[in-house]
C-alpha cells in the first residue's frame, strides 16, 4: 500500500511538473482546498454549538412540560409508551431526569458523550414503542454522532481534556483516550453508515425499492417530500459513494427549504438541516470518494503533510515579521503552490492595539498574543523561524538571520516581504528611554505594569509627602490613540480598580497628566471628536497639557517647554515611532522615520533602482497610497498591504497582469477613553460616547487572532466592567 501511495504521489508530481495541469489549475485547486478546509475549521465550532443548542432545547421543552405535571408524565409512561422492563413511575422519573439534566450537559459540552447517549437511547425507545416520527430519527442520528465524535472546541470537554489527560484523577486518562479513539476511528464509520441510511431513505422515497413496514419506520423518507424522484436518486447515489457530500448537503438544504416554502413538506422541523450541517462542515468522512480525492489532493496539490515534501520547484517566499501585515500576506500566500518561510524575532503574534491593557492590569499577556506556529500547524508549506534578520543581499537574493551576529544562517528567496514594524522614537533623545518606556512588546507592557503598580506600592510605604505626590503623578507623553487610551486606563485603575485597597494613601488622589505638543489631543481625528475625547478624559480626572513640547525627561521630573517642571517618577512614552532597520539592510531609500521608500506597487526603491522581488508593507513602508498621503500605521493598513502583495505574487506565478497600484482604503479610526466612552471616525460618519465604546470593543475582538484570545478578552472585559476589579495586578519584574 505504501509503495502504491508513493508511486501515485510521484506520478502526480510528474503530472504537475510536465505542466499537464496548468499553473492556473494548480493554484485554483490548492486555493479552493485551503479555503474550504480553513472555512470548515473556522465555522464548525459555531455550527456545533448551534446544533447542541437546538437539540438541547427540544429535550428541555419536553422535560419542562412533564415536570410541571408529573402525574401526567407517569400516566404517559404507563399507557402511551410503556417500557416493559420498568415500572411506570421509575420510567417517568428516569425519562424526566434525562430530559432535564442531559440537555444542559450537552449544551455546555460537559460529559457530552454520556449525555448524548442517554438522550439517544430515550429517543430510540420512543421511536420503537411509541409513535414513530421523522423528528425522532433525525435527533437520534445527531445524538449518535455526538456519542462517537464528541463536541467541538466550544465545550468544557475539549477545554478540560488536555489537563485531565495529564492529571492524576482516576479514570481520567483512559476515558479521554477512549474518546479520542472514538473520534478518530469510529466517527468515519458512523458518518459512512449515516450516509448509507440517508441514501436508502432517498431511494425508498423515489420508489426504487419498497421497504418493509418495519424498515420504513426507521427511514426518514418524509423529509424529502415534494422532491422530484430523479433528484432523490441522484442525491442518494452521491451520498452512497460519498462524493461531493458537502455540496450535496448544501443543495439538499436548499431543496428541502424550497419544498417547505412551496407547501409540499408535511412536517417542518429544523433537525434535518442540523444533520446535514454536520456533513456541510465535516465532509463525507474517511470512507468515501471525497476522502480518496482529498488524499490525492494532499499528495499532489497540497503537500501539507511535511515541509520536506514540498516540491523544490515551488517558488520560495520569505516574509520577515509576524505582525498584521506579515500574517495577512502568509494567510493568503499559503493557498498558493509556494514555499513560505516566516521569520520573526519572537515566537508570537502580538495584538499591539490592546497592549496598553497589559500595562494597566486589565488583560494578561497571553490574552493578546498567539504562538505563530499554532496559526500554521495545518499548513505544510509554511515554515516558521525564530530569529532576527541581520542582512539582506538583493543581488544574490539572500537573507541572513540568526539569534545574534555570531550565529547566523542564510536563506535564498524568490520573493521577499518585509513587514518588520516599528519601534520607539525619542526624536534623537534616546537617553529618555531609560525613564520613559514605550509600548511595543509584551516585555514593555509587563514592565510598564510593574512601574505603575510599584508607584502605588511605594507610595503606601513612604512617609515622605513630597515623594508620595511624585509617585502618584503619572505623565504620558503623546496624545495619539495610544496615549489617550493609556491615560484613561491609568485614571480608571487609580480611581476604580484599586480603590479602598490601600490604607495610608488614596489612589484616587493620583494625577494623570497627558502631554501633547500640538494644540489638541488625537490630532488625526476631527476636531469635534478630539474635543469629545478631551471632555471624557477630564471627567476621569486626567489633566491635559497641550501646546508644550517635552524638553527633558529625568529620573524624577519632566520639563515641558523648558519652563514647566512636573515632579514624577513614572513617565510613559507614546509620542513617536521609528521604522525597523530594513532600509539599512537593503541600502534603500528611507524617510525621516526610517521607513523604506516604495513605489506604487509596494516594491522597494533600492540604490540601483526598484527591487522587483522585494516588498515592504505596514510600518516598514513609506507609501503615499492614501489619496497621495502617507498610509497610517494602523492594523487595517498593514493587512491591506499584505493581501495586496500576495495578489502580486499570485499574478506573477500565473503569468497574469499584476494588480493596479496599491490603494489604501481607510476603514476608520477608533480610540477608547476608559470603560464607557470612545470616539470613532469613519469620514462622513462620526460616533462618540457609549455606542462608540461598544463598537470599539467589537472591532478589537474581531481583529484578535484565535478564538481562545477572543473569548478570554471578552470574559476579562466583562469581569472588569461589572465587578470594577482587575485580577491581573501582578508585579513580575526581576529583582536586582
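The values are calculated or read from the model by the stated rules, or taken from the named source; none is laboratory data. Note that the structure is predicted; figures quoted are calculated from it, not measured. Reconstructed Cβ throughout: ideal geometry from the backbone, glycine too, with neighbour counts over all protein chains shown.
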query = Which numbered condition trips up residue 544, out of (1) in contact with a strand residue (DSSP E or B) (Cβ under 9 Å, 6 or more places away or on another chain); (2) outside any strand (DSSP E or B)?
reply = (2)
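Per-residue answers, yes or no, for (1) surrounded by 21 or more Cβ atoms within 10 Å (Cβ to Cβ); (2) assigned to a helix (DSSP H, G or I); (3) under 28 Å from the mean Cα position of the chain (by Cα); (4) not assigned by TED's automatic domain parsing to the domain that holds residue 223:
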position: 93; (1), (2), (3), (4): no, yes, no, no
position: 99; (1), (2), (3), (4): yes, yes, no, no
position: 106; (1), (2), (3), (4): yes, yes, yes, no
position: 128; (1), (2), (3), (4): no, yes, no, no
position: 151; (1), (2), (3), (4): yes, no, yes, no
position: 160; (1), (2), (3), (4): no, yes, yes, no
position: 180; (1), (2), (3), (4): no, yes, yes, no
position: 183; (1), (2), (3), (4): no, yes, yes, no
key: Residue in region 396-407 that is part of a strand (DSSP E or B) and over 33 Å from the mean Cα position of the chain (by Cα) present   = yes
query = Is there any pair with a first residue in region 689-715 that is within 12 Å of residue 367 (Cβ to Cβ) and a second that is not in a helix (DSSP H, G or I) whose Cβ atoms are under 6 Å apart and which are 6 or more apart or on different chains, and what are they?
reply = 704/351; 705/349; 705/370; 706/370; 710/704
ask   = How many of the residues in region 581-599 are in contact with a helix residue (DSSP H, G or I) (Cβ under 6 Å, 6 or more places away or on another chain) and crowded, with 23+ Cβ neighbours inside 10 Å?
value = 2
ask   = Where in region 195-299 are the helices (runs of 4 or more DSSP H), entirely inside, with at least 1 residues that are modelled with pLDDT under 90?
value = 213-216, 245-261, 271-282, 289-297
task = Kindly establish whether residue 436 is touching a residue at least 40 places away in the same chain (Cβ under 8 Å), part of a loop (DSSP other than H, G, I, E, B) and under 30 Å from residue 35 (Cβ atoms).
result = no
remark   = The number of residues in region 621-642 that are within 19 Å of residue 480 (Cβ to Cβ) and either touching a helix residue (DSSP H, G or I) at 6+ places or on another chain (Cβ under 7 Å) or surrounded by 18 or more Cβ atoms within 10 Å (Cβ to Cβ) (or both) is 8
ask   = Out of all the residues in region 708-722, is one or more modelled with pLDDT under 80 and in a loop (DSSP other than H, G, I, E, B)?
value = no
note = Scanning region 672-695 residue by residue, those surrounded by fewer than 18 Cβ atoms within 10 Å (Cβ to Cβ) and part of a strand (DSSP E or B) turn out to be 682, 685, 686, 689
Some residue of region 571-583 being free of Cβ contacts under 8 Å to residues at least 24 places away in the same chain and in the same structural domain as residue 548 (by TED's automatic domain parsing) = no
message = Please verify whether residue 346 is part of a loop (DSSP other than H, G, I, E, B), in contact (Cβ under 8 Å) with a residue 12 or more places away in the chain and out of contact with any helix residue (DSSP H, G or I) (no Cβ under 6 Å at 6 or more places or on another chain), treating the condition exactly as stated.
response = yes
task = Give 513, 521 a once-over and let me know the one that is assigned by TED's automatic domain parsing to the domain that holds residue 692, in contact with a helix residue (DSSP H, G or I) (Cβ under 6 Å, 6 or more places away or on another chain) and either farther than 21 Å from residue 358 by Cβ or at pLDDT 95 or above (or both).
result = 521
remark   = Restricting attention to region 660-671, the residues that are surrounded by 14 or more Cβ atoms within 10 Å (Cβ to Cβ) and either in contact (Cβ under 8 Å) with a residue 40 or more places away in the chain or not in a loop (DSSP other than H, G, I, E, B) (or both) number exactly 6
request  = Could you pull out the residue among 164, 208 that is more than 30 Å from residue 262 (Cβ to Cβ) and surrounded by fewer than 18 Cβ atoms within 10 Å (Cβ to Cβ)?
outcome  = 164
query = Which one is modelled with the lowest pLDDT, of the residues in region 648-659 that are within 24 Å of residue 638 (Cβ to Cβ) and surrounded by fewer than 21 Cβ atoms within 10 Å (Cβ to Cβ)?
reply = 658
query = So, in region 162-174, of the ones that are touching a helix residue (DSSP H, G or I) at 6+ places or on another chain (Cβ under 8 Å), without any contact (Cβ under 8 Å) to a residue 12 or more places away in the chain and part of a helix (DSSP H, G or I), which residue ends up farthest from residue 291 (Cα to Cα)?
reply = 172
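Checking the conditions here, which among 562, 594 is over 18 Å from residue 455 (Cβ atoms), at pLDDT below 90 and not assigned by TED's automatic domain parsing to the domain that holds residue 454?
Step by step, each of 562, 594 is checked, and only 594 is over 18 Å from residue 455 (Cβ atoms), at pLDDT below 90 and not assigned by TED's automatic domain parsing to the domain that holds residue 454.
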message = Show the residue pairs meeting these rules: Cβ distance below 6 Å; 6+ apart or different chains; first residue within region 102-116 and at positive phi; second residue in a helix (DSSP H, G or I) and surrounded by fewer than 17 Cβ atoms within 10 Å (Cβ to Cβ).
response = 109/156
inquiry  = Just to be sure before I move on: is residue 48 assigned by TED's automatic domain parsing to the domain that holds residue 273 and either within 30 Å of residue 213 (Cβ to Cβ) or surrounded by fewer than 19 Cβ atoms within 10 Å (Cβ to Cβ) (or both) in the structure I sent?
reply    = no
task = With the checklist (1) modelled with pLDDT of 90 or more; (2) surrounded by 17 or more Cβ atoms within 10 Å (Cβ to Cβ); (3) more than 18 Å from residue 124 (Cβ to Cβ); (4) in contact with a helix residue (DSSP H, G or I) (Cβ under 7 Å, 6 or more places away or on another chain) in hand, flag the one item residue 192 doesn't pass.
result = (4)
ask   = Is region 656-674 home to any residue that is within 21 Å of residue 486 (Cα to Cα) and out of contact with any helix residue (DSSP H, G or I) (no Cβ under 8 Å at 6 or more places or on another chain)?
value = yes
request  = Could you tell me whether region 491-506 includes any residue that is at pLDDT 90 or above, exposed (fewer than 15 other Cβ atoms within 10 Å of the Cβ) and closer than 27 Å to residue 551 by Cα?
outcome  = no
note = All-but-one check, residue 310 against (1) in contact with a helix residue (DSSP H, G or I) (Cβ under 7 Å, 6 or more places away or on another chain); (2) buried (at least 20 other Cβ atoms within 10 Å of the Cβ); (3) more than 30 Å from residue 365 (Cβ to Cβ), failing number (1)
task = For residue 361, work out the one condition from (1) touching a helix residue (DSSP H, G or I) at 6+ places or on another chain (Cβ under 6 Å); (2) within 20 Å of residue 554 (Cα to Cα); (3) in a loop (DSSP other than H, G, I, E, B) it doesn't fulfil.
result = (2)
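Name the single residue that is surrounded by the most Cβ atoms within 10 Å (Cβ to Cβ) among those in region 364-376 being assigned to a strand (DSSP E or B) and in contact (Cβ under 8 Å) with a residue 60 or more places away in the chain.
369
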